[in-house]
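These notes concern the structure reproduced below.
The values are calculated or read from the model by the stated rules, or taken from the named source; none is laboratory data. Every value quoted in this text rests on a predicted model; they were computed, and no experiment measured them. Cβ sites come from the backbone with ideal geometry, for glycine too, and all protein chains shown count toward neighbours. When the accessible area is computed, the model is the full protein with side chains, heavy atoms only, and any ligands, DNA or RNA have been set aside. Shrake-Rupley method; radii C 1.70, N 1.55, O 1.52, S 1.80 Å.
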Amino acid sequence: MKKVGVIDYGTGNLCSVVKAFEFIGASVSLIRTPNDSSNIDALVFPGQGTFDQCMGSLAKTGLDELIKNWIESEKPYFGICLGLQVLFSSSDEGDKQGLGIHQGAVKRFSLDPKYKIPHMGWNSIYWEDDLGEDLMEDIEKGDQFYFVHSYHVCDVDADLPTLTCSYGYDFISGIRFGNSIATQFHPEKSQEKGLRLYRNFLEKVV
């Protein structure tokens, strides 16, 4: 049984993410300090809350260094929503620096008034083939996943495999790097396709 550690930095409801991974056969534990990560196979960041609050909490507990060292060691990581955004250098949502693992920044949607912010609800995702067939097995381009966000990642390295979505304009809805993936959408709220993505991660990557 694969052992998944879900980061708990004190904000948000983790239950849906924990239950999703348990449903597909993983053993799940909560990670509140770096010491909690000694016996896990994959690290999952179910980000909710604001960018500055999140980064402050990660720095206070040492989880910021855990995440950076984990990813640098090419261990499996799955970031969700804010768990994608903190991988970059900065965000319009706050003043604190992100983890800076990847080039890029997080910007607020700049949309025609007919588009509501936050972007909330179901929307289709697409990706280039270099993202990896293993991760997207049984998921078709155009399948819909659930989003709720006001900010998105911009100006990433052109060599970084990405998923995309369109809401007023095309934006990055996920990235793949080595044994890690991070998505702007919430797989745990995306029913069958979301569980399929988690299962692919657990079975093909971890």
In region 107-206 the accessible area split gives carbon plus sulfur, as whole percent at 1.4 Å, a share of 42 percent
Given a Förster distance of 25 Å, the FRET efficiency implied by the Cβ-Cβ spacing of D41 and S16, rounded to the nearest 0.05, works out to 0.75
If every Lys and Arg gets +1 and every Asp and Glu gets -1 at its Cβ, then about the Cα centre region 121-206 yields a dipole, in debye to the nearest 20, of 400 debye
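Can you give the accessible area per residue of the chain, in Å², using a 1.4 Å probe? Spell out each step's value before the answer.
Numbers: 9340 Å² over 206 residues.
Value returned for the chain: 45 Å² of accessible area per residue.
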Toy charge model, Lys and Arg Cβ at +1, Asp and Glu Cβ at -1: region 6-78 dipole around Cα centroid in debye, rounded to 20, equals 140 debye
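Evaluate the relative contact order of region 89-171 (contact order divided by residue number), counting alpha-carbon pairs under 8 angstrom at least 6 apart; express in whole percent. Let's see the in-between values first.
Details: 129 pairs, mean separation 29.7, N = 83.
This gives 36 percent for region 89-171.
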Region 1-149: antiparallel bridges as % of DSSP beta bridges, rounded to 5, reads 30 percent
Once all protein chains are kept in place, K75 shows an accessible area at probe 1.4 Å, nearest 10 Å², of 90 Å²
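Taking Cα pairs under 8 Å and at least six residues apart, what relative contact order does the chain come out at, in percent? It would help to have the intermediate numbers written out before the result.
Values: 439 pairs, mean separation 41.4, N = 206.
Dividing the mean separation by the residue count of the chain yields 20 percent.
Order these peptides, 103-116, 16-29, 37-50, 81-94, by their mean beta-carbon neighbour count within 10 angstrom, highest first. Could you put the intermediate results ahead of the total?
Values: 103-116: 13.5, 16-29: 17.2, 37-50: 18.8, 81-94: 21.7.
For the peptides 103-116, 16-29, 37-50, 81-94, the packing ranking is 81-94, 37-50, 16-29, 103-116.
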Cβ-Cβ cut-off under 14 Å around A26, Lys and Arg +1, Asp and Glu -1: the net charge is +1
Taking the chain, the equivalent ellipsoid from its C-alpha gyration tensor has semi-axes in Å, biggest first, of 23, 21, 16
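At 222 nm, what value in deg cm²/dmol follows for the chain if DSSP H runs of at least 4 each add -39500 (n - 2.57) and the sum is divided by all its residues, to the nearest 500? Show your work: numbers first, answer last.
Values: 5 runs with 44 residues, N = 206.
Calculated from helices alone, the mean residue ellipticity at 222 nm is -6000 deg cm²/dmol.
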Contact order relative to length for region 1-84, counting C-alpha pairs under 8 Å separated by 6 or more residues, stands in percent at 35 percent
Full extension between L195 and R32 adds, at 0.36 nm per residue less the Cα distance, a length in nm of 56.2 nm
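In debye, nearest 20: dipole of the chain around its Cα centre with unit charges on the Cβ of K, R (+) and D, E (-)?
Values: 19 positive and 29 negative charges, 143 e Å.
About 680 debye.
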